[in-house]
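I have placed the structure first, in the form of structure tokens, so that the comments after it can refer back to it.
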Amino acid sequence: MTDPRGKWVVWAIAGMTVAMVIGGLIVTGGPGRGRMERRDDVRQNDLADLYRHARCISASEQRNDGDLSATAHCPDAPRLIDPYSGEAYRIEPVEKRFLRLCARFETPADVRQFRHGIPAGEWDGDCVVVQVIHG
């Protein structure tokens with residue numbers, strides 16, 4: 001015969017476990033949040049590649065016109081289209097020495113974490129202004 005108190009303890013532990021799992025999903029954002037962060041990591045890496053390619057073009061051809069297609073001196077053209085949304089990254093010359101690189105990120109700018117290698121510059125929401133021509 002089973003003790004009724006034992007059933008209560010089992011249900012209490014099961015309830016606490018369910019509450020902890022739900023609380024964990026709320027705090028971390030769950031798997032959907034993780035997918036958004038991974039897609040944003042790809043976008044950040046793409047902007048870093050665009051920046052490096054723009055620096056190569058500005059150093060070899062002394063131009064900053066926003067055209068980042070492959071050239072003889074810089075043959076490795078970066079990805080110009082967001083692989084998840086299909087939307088083109090925005091590349092805009094700013095003055096003579098600067099370039100604005102933009103992607104549509106899924107996570108809010110204030111919680112986005114930037115890793116090493118991401119272009120250092122002045123971030124404004126989903127865009128970063130970087131210096132490509134020094135001097």
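Details
- Among the residues here, residue 133 does not qualify as in a helix (DSSP H, G or I) and of a type in the set (Val, Ile, Thr).
- Residues located in segment 37-84, provided they are among the basic types (Lys, Arg) and free of Cβ contacts under 8 Å to residues at least 40 places away in the same chain: 38, 52, 63, 79
- Residue in segment 65-78 that is surrounded by 13 or more Cβ atoms within 10 Å (Cβ to Cβ) and not in a loop (DSSP other than H, G, I, E, B) present: no
Bear in mind these aren't lab numbers, they're just calculated from the coordinates by the rules spelled out. Just so it is clear, the structure is predicted and the values come from calculations on it, not from any experiment. Neighbour counts are summed over all protein chains in view; Cβ atoms, including those assigned to glycine, are modelled from backbone coordinates with ideal geometry.
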